[in-house]
Structures are given as structure tokens and as C-alpha cells.
Amino acid sequence: MAPQEKKLLSAQIALRPASGKAFNAQTAITSENIGDYLPASETVDAARKGFAEAGFEVGNAVGMSFAITAPASTFEKVFKVKLEADDRGGIKVTDHKGGDQKYELPVTALPTELQQSVVAATFSPPPDFGPSNY
């Protein structure tokens, strides 16, 4: 089942740290080391502006990230993907090559200016607990 065209979706954008330190899903970012992963204010401003110009509603930066919100068609156009609702109510991404579905959006599909600021873009998976009819 494809996501409804007019329904708004939100994804989280993780920004490139000013320190140049790399991180991934296995990196434990804690209150002790968060300073090593914070983006420069110029990075935040450039990324927020770029996503706004691409048609997204852009949330305030919190720590190392911010949220973007738009209809599915905007995500599909900007990230060059196909979106589908999964059986748990989450949104999964299939790239233009038809690969595996996942929650992460391909940053490499973004314009070069945004690629320089963004480390990752992802939909949040639904929780493994609680109501399933949202």
C-alpha cells in the first residue's frame, strides 16, 4: 500500500559534525561526547534553507538534527525514491534501482550543496509496542 498522496510524512535529518568525526548506527552519542558531533551553525542554516527551498517544512535544529515534513510526493521527487507503507504502519524507502526496502533515505540523491551538510536522512520505524492503529 502506497502512502496517501496528501498525508504529510516526517523524516529526521542528521547533520555533519563540525569536528569532522564520523558516526554511524553503532556510534554511541552520549551527553559526554555530544559536543564532538554537533554541526556548525553554518551547516544547520545551509541545510535548513536547502530543504525549505526543496519544498519541505523544516523544524528547528535540536542537537545534531532537525525534522523535515512534506507529502510523500516531495520525498519521492527530492530523494529519487519510491515510498511504501509497511505492515506495521511505518514508511519504507525503495531506491530507483529497486533494492531492499529500508527506513533510510539516500543522501546521495540530494543536490551537492545538501550532501555537504547531511550525514543521514531517515524515517523513524514504528515502535515494537503500543497501539498499532495510528
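For the chain, what is the convex hull (Cα atoms) projected area averaged across all directions, in square nanometres?
Here the figure is 8.9 nm², rounded to one decimal.
Who wins for biggest fluctuation among GLY59, GLY20, GLY50 in a Gaussian network model of the chain, springs between alpha carbons below 10 Å?
Fluctuation is largest for GLY20.
Only helical DSSP H runs with n ≥ 4 go in: add -39500 (n - 2.57) per run for the chain, normalise by residue count and round the 222 nm mean residue ellipticity to 500 deg cm²/dmol.
Calculated from helices alone, the mean residue ellipticity at 222 nm is -5000 deg cm²/dmol.
Under 10 Å, Cα contacts only: if you run a Gaussian network model on the chain, which one of SER117, SER19, SER65 comes out with the highest mean-square fluctuation?
Answer for the Gaussian network model of the chain: SER19.
Compute the relative contact order of segment 13-114 as a whole-number percentage, counting only Cα pairs closer than 8 Å that sit 6 or more residues apart in sequence.
In percent, rounded to a whole number, it is 20.
May I ask for the angle, rounded to the nearest 10°, between helix 41-53 and the longest principal axis of the chain, with both axes built from Cα atoms and the value confined to 0 to 90°?
30
Where nothing but the Cβ of Lys and Arg (+1) and of Asp and Glu (-1) is charged, how large is the charge dipole of segment 1-106 around its Cα centre, in debye to the nearest 20?
200
Kindly report the accessible area of the chain per residue (heavy atoms of protein chains, probe 1.4 Å, no ligands, DNA or RNA), in Å².
Accessible area per residue: 61 Å².
The values are calculated or read from the model by the stated rules, or taken from the named source; none is laboratory data. On a predicted model such as this, the values are computed, not experimentally measured, just so you know. All Cβ positions, even for glycine, are placed from backbone atoms using ideal geometry, and neighbour counts span all protein chains on display. SASA here: full protein model, heavy atoms, side chains in, ligands and nucleic acids out. Shrake-Rupley method; radii C 1.70, N 1.55, O 1.52, S 1.80 Å.
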